[in-house]
C-alpha cells in the first residue's frame with residue numbers, strides 16, 4: 001500500500017487525508033483519474049493520473065487481500081481497516097532515517113505534505129516550460145489543488161522562482177508592460 005500511496009501523493013499533489021479517504025470506486029485507472037470527495041475545503045474534484053500511476057494503482061488493487069476489498073476504501077491495512085495518517089507519518093520518518101535524511105522535528109520536515117509542495121512546483125514549472133501563460137496557469141493549478149484562493153497556491157510555489165529562475169524572468173517579461181518603468185522626468 002505505501003509505495004502506491006506515495007506515488008499517488010507525489011504524482012497528483014492530493015493531500016494525505018484526501019488520498020486515505022479515497023473510495024475504491026473513485027480510483028478509475030481505465031480513465032486515468034481519481035475523484036476527491038472528502039477534501040479539506042469541501043470541494044469535490046476530478047484529478048487526472050498519469051498512465052504509469054494508473055498502472056501502479058492497478059497493481060496495488062490486484063495484490064490487495066480479499067478482506068481489504070470489503071471496506072470500500074482504496075488504501076487499507078492488510079486486515080482491511082482504514083490506514084490512518086499516523087501510520088503513514090511513522091513509515092515516512094522511518095524511511096527518512098533508513099536513507100540518512102534527518103527529520104528536523106514536527107513542522108520542520110521533511111514532511112509527507114512536502115510531496116504536495118513538490119508537485120505544485122513541478123507542475124508550475126512544467127506549465128511554464130510548455131509555454132503556458134503563467135497568468136492563466138496559476139488559477140488552473142489552484143483549482144487542481146483544491147484551493148479556494150490563489151494566495152493558498154502561492155504558498156506552495158513560493159520557492160519556484162529560486163528553483164526555476166527562468167520562471168521569474170518569464171513572469172517579469174509578462175508584466176513588463178503592466179508596470180512600466182518611471183523616469184525621473186515622469187515624476188515631475
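The values are calculated or read from the model by the stated rules, or taken from the named source; none is laboratory data. Owing to the predicted nature of the structure, the values given are computational and were not obtained by experimental measurement. Counting neighbours? That spans all protein chains shown, and the Cβs are built from the backbone with ideal geometry, glycine included.
What pairs come up if the first residue lies in region 89-101 and is at negative phi, the second is outside any helix (DSSP H, G or I), and their beta carbons are under 7 Å apart, counting only those six or more places apart or on different chains?
Partner pairs satisfying both residue conditions: 89/112; 92/112; 93/103; 96/103; 96/110; 101/110.
If you scan region 6-47, which residues turn out to be within 14 Å of residue 119 (Cβ to Cβ) and either assigned to a helix (DSSP H, G or I) or over 16 Å from the mean Cα position of the chain (by Cα) (or both)?
The answer is 6, 7, 8, 9, 10, 11, 12, 16, 18, 19.
Taking region 123-166 as the search range and keeping residues that are modelled with pLDDT under 75 and under 14 Å from residue 13 (Cβ atoms), which one is surrounded by the fewest Cβ atoms within 10 Å (Cβ to Cβ)?
Residues of region 123-166 that are modelled with pLDDT under 75, as a first pass: 155-166.
Now narrow it down to the ones that are under 14 Å from residue 13 (Cβ atoms): 155-157, 160.
Details: 155: 11, 156: 22, 157: 21, 160: 21.
The residue in question is 155.
Which condition does residue 16 not pass, out of (1) at pLDDT 90 or above; (2) more than 17 Å from residue 6 (Cβ to Cβ), if it passes all the others?
(2)
If you check 109, 100, which single one turns out to be in a loop (DSSP other than H, G, I, E, B) and surrounded by 12 or more Cβ atoms within 10 Å (Cβ to Cβ)?
Every option except 109 fails the conditions.
Might you let me know whether region 93-107 holds any residue that is in contact with a strand residue (DSSP E or B) (Cβ under 9 Å, 6 or more places away or on another chain) and over 21 Å from residue 152 (Cβ atoms)? Before the answer, list the steps.
The first filter runs over region 93-107 and keeps only residues in contact with a strand residue (DSSP E or B) (Cβ under 9 Å, 6 or more places away or on another chain), leaving none.
Scanning region 93-107 turns up no residue that is in contact with a strand residue (DSSP E or B) (Cβ under 9 Å, 6 or more places away or on another chain) and over 21 Å from residue 152 (Cβ atoms).
Could you count how many residues in region 46-63 are modelled with pLDDT under 90 and within 20 Å of residue 14 (Cβ to Cβ)?
0
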